[in-house]
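The values are calculated or read from the model by the stated rules, or taken from the named source; none is laboratory data. As the structure is a prediction and not an experimental result, all values here were calculated from the model. Note that we place each Cβ from the backbone using ideal geometry, even for glycine, and neighbour counts take in every protein chain shown. Accessible surface is based on the protein model in full, side chains and every heavy atom, while ligands, DNA and RNA are left aside. Shrake-Rupley method; radii C 1.70, N 1.55, O 1.52, S 1.80 Å.
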Amino acid sequence: MRRIVILQLWVVGIVLTGCLGHQGQVMAPGGPEPKIALVLGGGAARGFAHVGVIRVLEQEKIPIDLIVGTSVGSLIGAIYADRQSSFDLELIAFKIQKDDIFDFSVFASNTGPVKGERLEKFVQEKVTHVNIEDLPIPYAAVATNLYTGRQVILDQGPVARAVRASSSIPGVFTPATHRNQTLVDGGVINNVPVDVAREKGADLVIAVNIGKNVVNWNATNIVEITLQAVNIMANEISGFKMRDADVLIEPNVGTVGMMDFTQKEYCIRAGIDAAKGALPEIEKKIREWKSQRTPGLSAQG
């Protein structure tokens, strides 16, 4: 109980700090409004930075009309698409432990030592809407068909199974079976799926990349080595796709190990700092979009 109270007080402190910060008016009344998508990339434990980014966007009243996520981005995105509250998201994030996600089997499977059932159950417990199409914020998770190599966009059906599939890192997680497909982590082909947000009609895309710095001196076992290899691959593949984002946010979490769940506070703060630094560009992009569609309105800044 004491630990929960301390965590709640810390989150309240973050809220108050944010409220004393930037107070820009982003969305002017009247006129058309852009459909803004938030794209959350993969990166295992570094994904706590997504929580900080969402906190800032919510505080600044920047609307999120669509969430697209890969791997841990699909997990964080699903919780927020369901709760629509960064406060709830932070409380859940602080309670997440490695064992909530990684259910290592004593008898390691030849398809991956982590079964994935615990991750799916965690999502079922934390996300109140069972199916994606019922989420208050439109949402999609990105996975990869293991046998064809094709991208699979999961925008219907059970939220928990979509998150599990999108997060099934090959060599670590047992692949997920969904709608007669064998699926693995979306980061294999599209770690920061900006193009998916565009396909779904986004006018402006805010993308969050937590895999920029791939240096990791602590990959000492088979799971960490596999995670590191996937991270390097995903970073290389996503480089050119991220260029199509209107705003790219890259929290400084490169020193955090992919399995290090002890750095939650650091990652969340890094997300907050990076998002605050991106606010002027976000506001500029929104003004430019509105000015191009509203007669007599000129963009400033």
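In the stretch 124-176, what residues are under 20 Å from G201 (Cα atoms) and aliphatic (A, V, I, L, M)?
Result: I132, L135, I137, A140, A141, V142, A143, V152, I153, L154.
So in the stretch 191-222, with the set limited to residues that are modelled with pLDDT of 75 or more and part of a helix (DSSP H, G or I), which one is farthest from Y266 (Cα to Cα)?
E199
Got a number for residues in the stretch 48-81 being free of Cβ contacts under 8 Å to residues at least 60 places away in the same chain, within 22 Å of E133 (Cβ to Cβ) and in a loop (DSSP other than H, G, I, E, B)?
1
Scanning for something at pLDDT 95 or above, within 25 Å of I232 (Cβ to Cβ), open to solvent by less than 30 Å² (accessible area, probe 1.4 Å) and out of contact with any Ser or Thr (no Cβ under 9 Å at 6 or more places or on another chain), does the stretch 284-295 turn up at least one residue?
No, there is no match, as no residue in the stretch 284-295 is at pLDDT 95 or above, within 25 Å of I232 (Cβ to Cβ), open to solvent by less than 30 Å² (accessible area, probe 1.4 Å) and out of contact with any Ser or Thr (no Cβ under 9 Å at 6 or more places or on another chain).
With at pLDDT below 95 and either out of contact with any helix residue (DSSP H, G or I) (no Cβ under 8 Å at 6 or more places or on another chain) or open to solvent by less than 20 Å² (accessible area, probe 1.4 Å) (or both) as the only criterion, which of V26, V15, V68, V53 stands out?
Details: V15 fails: either out of contact with any helix residue (DSSP H, G or I) (no Cβ under 8 Å at 6 or more places or on another chain) or open to solvent by less than 20 Å² (accessible area, probe 1.4 Å) (or both); V68 fails: at pLDDT below 95; V53 fails: at pLDDT below 95.
The unique qualifying residue is V26.
Taking only the stretch 177-190 into account, find how many residues are at pLDDT 95 or above and open to solvent by 10 Å² or more (accessible area, probe 1.4 Å).
Going through the stretch 177-190 one residue at a time, the tally reaches 2.
Of all residues in the stretch 236-273, how many are among the β-branched types (V, I, T), part of a helix (DSSP H, G or I) and either touching a strand residue (DSSP E or B) at 6+ places or on another chain (Cβ under 7 Å) or crowded, with 21+ Cβ neighbours inside 10 Å (or both)?
2
Out of Q84, Q124, which single residue is in contact with a Pro (Cβ under 6 Å, 6 or more places away or on another chain) and either surrounded by fewer than 24 Cβ atoms within 10 Å (Cβ to Cβ) or without any contact (Cβ under 8 Å) to a residue 24 or more places away in the chain (or both)?
Details: Q124 fails: in contact with a Pro (Cβ under 6 Å, 6 or more places away or on another chain).
Going through Q84, Q124 in turn, just one is in contact with a Pro (Cβ under 6 Å, 6 or more places away or on another chain) and either surrounded by fewer than 24 Cβ atoms within 10 Å (Cβ to Cβ) or without any contact (Cβ under 8 Å) to a residue 24 or more places away in the chain (or both): Q84.
Might you let me know whether the stretch 105-113 holds any residue that is outside any helix (DSSP H, G or I), in contact with a strand residue (DSSP E or B) (Cβ under 7 Å, 6 or more places away or on another chain) and free of Cβ contacts under 8 Å to residues at least 24 places away in the same chain?
To start, the set of residues in the stretch 105-113 that are outside any helix (DSSP H, G or I) comprises 105-113.
Cutting the leftovers down to in contact with a strand residue (DSSP E or B) (Cβ under 7 Å, 6 or more places away or on another chain) gives us 105, 112-113.
Next, from what is left, pick out any that are free of Cβ contacts under 8 Å to residues at least 24 places away in the same chain: 105.
The answer is yes; a qualifying residue exists.
Quick check on G73: is it open to solvent by less than 50 Å² (accessible area, probe 1.4 Å), in contact with a Ser or Thr (Cβ under 7 Å, 6 or more places away or on another chain) and of a type outside the set (A, V, I, L, M, F, W, C)?
For G73, the condition - open to solvent by less than 50 Å² (accessible area, probe 1.4 Å), in contact with a Ser or Thr (Cβ under 7 Å, 6 or more places away or on another chain) and of a type outside the set (A, V, I, L, M, F, W, C) - is not met.
Just to be sure I understand, how many residues within the stretch 158-176 are open to solvent by 30 Å² or more (accessible area, probe 1.4 Å) and touching a His at 6+ places or on another chain (Cβ under 8 Å)?
Of the residues in the stretch 158-176, 1 are open to solvent by 30 Å² or more (accessible area, probe 1.4 Å) and touching a His at 6+ places or on another chain (Cβ under 8 Å).
Yes or no, residue by residue, for (1) under 30 Å from R287 (Cβ atoms); (2) in contact with a Phe, Trp or Tyr (Cβ under 7 Å, 6 or more places away or on another chain):
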position: Q151; (1), (2): no, no
position: G157; (1), (2): no, no
position: L183; (1), (2): no, no
position: G187; (1), (2): no, no
position: L204; (1), (2): yes, yes
position: A207; (1), (2): yes, no
position: K212; (1), (2): yes, no
position: E236; (1), (2): no, no
position: N252; (1), (2): yes, no
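Can you tell me which of D100, D155 is without any contact (Cβ under 8 Å) to a residue 60 or more places away in the chain, more than 29 Å from I36 (Cβ to Cβ), open to solvent by 20 Å² or more (accessible area, probe 1.4 Å) and not basic (K, R)?
D100
Those residues that are among the hydrophobic types (A, V, I, L, M, F, W, C) and outside any strand (DSSP E or B), I need them from the stretch 156-186; list them, please.
If the condition is that a residue be among the hydrophobic types (A, V, I, L, M, F, W, C) and outside any strand (DSSP E or B), then V159, A160, A162, V163, A165, I169, V172 are the ones that fit.
Would you check if V194 is over 28 Å from Q97 (Cβ atoms), open to solvent by less than 20 Å² (accessible area, probe 1.4 Å) and either of a type in the set (D, E, K, R) or touching a Lys or Arg at 6+ places or on another chain (Cβ under 7 Å) (or both)?
Yes, satisfied.
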